[in-house]
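What follows is one structure encoded as structure tokens, with my remarks underneath.
The values are calculated or read from the model by the stated rules, or taken from the named source; none is laboratory data. Given the structure is predicted, the values throughout are model-derived calculations rather than measurements. Note: ideal-geometry Cβ built from the backbone for every residue, glycine included; neighbour counts use all protein chains shown.
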Amino acid sequence: MVPKYKRILLKLSGEALSGEQGFGLNFDTVNSVCRAIKECVDAGAEIAIVVGGGNFWRGRTSGDMDRTRADHMGMLATTINSLALADALEQIDCPVRVQTAIAMHEIAEPYIRNKAVRHLEKGRVVVFGCGTGNPFFSTDTASALRALEIEADIIFKASMVDGVYDSDPKRNPNAVKFDTLSFMDVLNRDLKVMDSTAASLCNDNNLPILVFNLQQPENIVRAVAGENIGTIVHS
Ligand code: GTP
């Protein structure tokens, strides 16, 4: 496989890592995602990862909890997922470093942009934990921010949906999937691809996002190869 993109920020849905059980980590799923990532690294692609935490904790369903505290718990959830991915990658001899936006020196490196870039250049996967390290920002926004910082060519948003539709395909059997779309369409039509902070950041900085389904992990390899899957959102 010849990579179409050199440096990729892969945003993995936490929920998708829970497989059919719907909570926590399904290691069959984690391992097959990691095998696909290793295939891309072996082909010469540089892969940085931001992972969500929804398989352990969703801040927005935390009832009366203080939002900032609920988001702090979400950041810890992303770190659990980051460590699981790192472990699974190491077990298949794929070099990896975890960096967290909130310092937890005993378990991971702190986020240092130049060091992350150096790791990528050396063929290591870098997993960014704790989102942006700030409450009120989603892991989609963390993906956009980190992708811009490391000068990634594209964001891959791999989740439970196979692309962007004009309406919810679960409710509307006639929903139509887009092949390409602009960030302005996403914002103006209120399409639930990503939150508006992430969409604005990508739009303002000309950073495309490819949305595809992680339930077939080999989609990661197909996306790196430039196959026409999912929906591409651009400025
Ligand atoms: P190079 O500088 O390219 O050789 O990168 P490296 O990551 O191999 O070297 P470094 O000496 O920075 O790190 C060695 C190991 O320690 C790696 O597994 C790092 O992830 C880990 N490490 C580095 N800094 C920290 C830290 O602050 N906390 C934790 N927990 N691990 C760290």
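Values as computed for the structure displayed
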{"quantity": "Whichever residue in the stretch 121-132 is farther than 15 Å from Leu76 by Cα and assigned to a loop (DSSP other than H, G, I, E, B) and, among such residues, is nearest to the chain's Cα centre (by Cα)", "calculated": "Arg124"}
{"quantity": "Residue, nearest to the ligand (Cβ to nearest atom), within the stretch 121-149, restricted to residues that are of a type in the set (A, V, I, L, M) and out of contact with any Ser or Thr (no Cβ under 9 Å at 6 or more places or on another chain)", "calculated": "Val126"}
{"quantity": "Matching residues, the stretch 204-231, being acidic (Asp, Glu) and in contact with a helix residue (DSSP H, G or I) (Cβ under 8 Å, 6 or more places away or on another chain)", "calculated": "Glu218"}
{"quantity": "Residues located in the stretch 213-230, provided they are touching a Phe, Trp or Tyr at 6+ places or on another chain (Cβ under 9 Å) and buried (at least 22 other Cβ atoms within 10 Å of the Cβ)", "calculated": "Ile220, Ala223, Val224, Gly230"}
{"quantity": "Residues satisfying the stated conditions in the stretch 193-207, i.e. surrounded by 17 or more Cβ atoms within 10 Å (Cβ to Cβ) and either charged (D, E, K, R) or modelled with pLDDT of 95 or more (or both)", "calculated": "Ala198, Ala199, Leu201, Cys202, Asn203, Leu207"}
{"quantity": "Qualifying residue in the stretch 170-192 (condition: assigned to a loop (DSSP other than H, G, I, E, B), modelled with pLDDT under 95 and touching a helix residue (DSSP H, G or I) at 6+ places or on another chain (Cβ under 8 Å))", "calculated": "yes"}
{"quantity": "Near pairs, Cβ below 6 angstrom, 6+ apart or cross-chain, from the stretch 22-45 (of a type in the set (Lys, Arg)) to any residue that is outside any helix (DSSP H, G or I)", "calculated": "Lys38/Ile92; Lys38/Cys94"}
{"quantity": "Candidate set from the stretch 90-120 (those that are in a helix (DSSP H, G or I) and within 9 Å of the ligand (Cβ to nearest atom)); member that is surrounded by the most Cβ atoms within 10 Å (Cβ to Cβ)", "calculated": "His119"}
{"quantity": "Near pairs, Cβ below 7 angstrom, 6+ apart or cross-chain, from the stretch 57-80 (charged (D, E, K, R)) to any residue that is surrounded by 12 or more Cβ atoms within 10 Å (Cβ to Cβ)", "calculated": "Arg67/Gly59; Arg67/Pro135; Asp71/Gly59; Asp71/Pro135"}
{"quantity": "Cβ-Cβ under 9 Å pairs, at least 6 apart or on other chains, the stretch 124-152 side closer than 14 Å to Arg7 by Cα, far side of a type in the set (Ser, Thr, Tyr) and buried (at least 24 other Cβ atoms within 10 Å of the Cβ)", "calculated": "Val127/Ser82"}
{"quantity": "Residue match in the stretch 91-110 (condition: more than 20 Å from Phe27 (Cβ to Cβ), within 16 Å of the chain's Cα centre (by Cα) and in contact (Cβ under 8 Å) with a residue 40 or more places away in the chain)", "calculated": "yes"}
